[in-house]
Amino acid sequence: MRRWNGWIEDRSAPPHVADEARRLLEAEIGPGRPSADARPEDVVAGLAASRIADDAGGRLSLDAVDRIRHARGQSLPDWIALRSGRLGRVPDAVARPPDGAAVRELFAVARERGAGLIPFGGGTSVVGGVSIGQDEDRPVVTVALEALAGLRDLDQRSGLATFGAGTLGPAVETALEPHGLTLGHFPQSWERSTIGGWV
């Protein structure tokens, strides 16, 4: 699982900076002083209560850690917020619809509760697309797309492939490779971004 406030896996060590590079950086800008990362339990302790009172019959996760993991993308302001633990508004709930019917139900739930919906694929947005505007005063549900993933259809003749919106880049290539196909689209966030985000 990706760490709650960064790009690498929870159990991964950060990349090692070569001693020569470290010395050069220190000579140019001075020695580094890494700041302490905010701990998820501290962020959870200061988290405002959800504006949504119930889980809509199991359709919504109100779990605090789930909510903070879906609060920000990967822009520099997002990283500063995540690393410092000052996230601002976080979603009131997270939904994981498994199919189109569940997405339609989710729209109905949101309409009934006066809630906004924000799609969340790989969480790689660098333009604020997954963050809640600070002037937003209604409840917000983040729609995590991981259950809407995978190759849905492939027309061998035309090469037209249909994937679920939550399909990550590596999964796209893995599904196409046995058919001698490639998407050929490799954005810098390829490992963590989704078809839905690319579209």
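Heavy atoms only, probe 1.4 Å: what % of the accessible area of the stretch 1-148 goes to carbon and sulfur, would you let me know?
Whole-percent figure for carbon plus sulfur exposure: 56.
Checking the a/c ratio against 1.5 first, then a/b against b/c, what shape does the Cα gyration tensor give for the stretch 23-108?
Working: a/c = 4.18, a/b = 2.39, b/c = 1.75.
Prolate.
Applying the Karplus parametrisation 6.51 cos²θ - 1.76 cosθ + 1.60 with θ = phi - 60° to the phi angles of the stretch 50-66, what ³J(HN,Hα) value in whole Hz is obtained for each residue in order, glycine and proline being reported as x?
5, 7, 10, 7, 9, 8, 6, x, x, 7, 10, 9, 9, 4, 4, 5, 4
So, with +1 on the Cβ of K and R and -1 on the Cβ of D and E, and no other charges, what is the size of the charge dipole of the chain about its Cα centre, to the nearest 20 debye?
Rounded to the nearest 20 debye, it is 260 debye.
Can you work out ³J(HN,Hα) from phi for every residue in the stretch 173-187, in order, using Karplus 6.51 cos²θ - 1.76 cosθ + 1.60 and θ = phi - 60°, giving whole Hz and x for Gly and Pro?
Once θ is set to phi - 60°, the couplings for the stretch 173-187 become 5, 4, 6, 7, 4, x, 9, x, 10, 9, 6, x, 10, 10, x Hz.
Report the label-to-label distance for residue 79 and residue 134 in nanometres (one decimal), using points 7 Å from each Cα along the Cα→Cβ vector.
Calculated label separation equals 2.1 nm.
Each residue of the stretch 118-135 in turn: what ³J(HN,Hα) in whole Hz from Karplus with 6.51, -1.76, 1.60 and θ = phi - 60°, glycine and Pro shown as x?
These are the phi-based 3J(HN,Hα) values: 10, x, 9, x, x, x, 9, 3, 10, 10, x, x, 10, 8, 8, x, 5, 8 Hz.
Give the accessible surface of the chain per residue, rounded to a whole number of Å², with probe radius 1.4 Å and ligands, DNA and RNA excluded.
Working: 11920 Å² over 199 residues.
Heavy-atom accessible area per residue stands at 60 Å².
I'd like the accessible area for residue 190, computed on protein heavy atoms only with a 1.4 Å probe and all protein chains in place. Round to 10 Å², please.
60 Å²
Tell me the relative contact order for the stretch 77-154 as a rounded percent, counting alpha carbon contacts under 8 Å between residues six or more apart. Provide the component values of the computation, followed by the final result.
On the way: 86 pairs, mean separation 32.4, N = 78.
After rounding, I find 42 percent.
If a/c stays under 1.5 just call it rounded; otherwise compare a/b with b/c (prolate if a/b is bigger, oblate if not). Do that for the stretch 1-147, with a ≥ b ≥ c from the square roots of the Cα gyration tensor eigenvalues. Let's see the in-between values first.
On the way: a/c = 2.65, a/b = 2.24, b/c = 1.18.
Prolate, since a/c reaches 1.5 and a/b exceeds b/c.
Testing the spin-label approximation: label points 7 Å from Cα along Cα→Cβ at residue 158 and residue 19. State their distance in nm.
Between residue 158 and residue 19, the simple spin-label model gives 6.0 nm.
For 183, 117, 176, write out the residues from largest to smallest accessible area, computed with a 1.4 angstrom probe and no ligands counted.
Working: 183 80, 117 50, 176 10 Å².
Ranked list, largest accessible area first: 183, 117, 176.
Towards the positive end of the charge dipole of the stretch 73-199, with charges on Cβ (+1 Lys, Arg; -1 Asp, Glu), say which of 174, 194, 94 has the farthest Cα.
Farthest along the dipole direction, towards plus: 94.
For the chain, what does the relative contact order come out to in percent, with C-alpha contacts under 8 Å and a separation of six or more?
17 percent
Most fluctuating residue of 88, 57, 129 in a GNM of the chain with Cα springs under 10 Å: which is it?
Per the Cα network of the chain with a 10 Å cutoff, 57 tops the list.
Taking amide H positions as placed in the peptide plane 1.01 Å from N, state which residues far from residue 116 in sequence (5 or more) or on other chains have amide H under 5 Å from it.
140, 141
The values are calculated or read from the model by the stated rules, or taken from the named source; none is laboratory data. Computed from a predicted model, the values in this text were never measured in an experiment. When we count neighbours, we look across all protein chains shown, and the Cβ atoms used for this are built from the backbone with ideal geometry, even at glycine. Surface areas here come from the heavy atoms of the whole protein model, side chains and all, with no ligands, DNA or RNA. Shrake-Rupley method; radii C 1.70, N 1.55, O 1.52, S 1.80 Å.
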